[in-house]
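Only one structure is covered here, and it is reproduced in the block below.
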Amino acid sequence: MYAAGIGVKPWRANRAGGISSWRRLLAAVAAVLALSVAFALGARGSGEAHYTTVVVQPGDTLWSIASERYPADDVRVRVDDIEQANGLQGPAIQVGQSLRLPS
């Protein structure tokens, strides 16, 4: 078993290439922190939705707008997305109303 000599600090007793264990630990913590920040910024940036705006015309319904704007998607899901993006409690919309459509 290794015993540190008198006056030798334990974090300096084990040197590898001239770098103390304390500095290696500090470098590892800094690297983990930097990666965490990078992931957080990346996740936040990818979560931001982009919107286009449409003005409701006579005869428009959320269903017709969703089916026209998103022909390949499930219209029910897209109607819910539009309601959520605009704070609507149901499918009622008014002529002239501006709606945000998520991309």
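The values are calculated or read from the model by the stated rules, or taken from the named source; none is laboratory data. Since this is a predicted model, take the numbers as computed values, not measurements. No Cβ is skipped: glycine too gets one built from the backbone with ideal geometry, and neighbour counts run over all protein chains shown.
Some values worked out for this structure:
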quantity: Unmet requirement for Val54, which otherwise passes all of (1) part of a helix (DSSP H, G or I); (2) surrounded by 13 or more Cβ atoms within 10 Å (Cβ to Cβ); (3) more than 25 Å from the chain's Cα centre (by Cα); (4) modelled with pLDDT of 95 or more; calculated: (1)
quantity: Residues located in the range 82-96, provided they are of a type outside the set (Val, Ile, Thr) and surrounded by 14 or more Cβ atoms within 10 Å (Cβ to Cβ); calculated: Glu83, Ala85, Asn86, Leu88
quantity: Enumeration of residues in the range 78-103 that are aliphatic (A, V, I, L, M) and under 21 Å from the mean Cα position of the chain (by Cα); calculated: Ile82, Ala85, Leu101
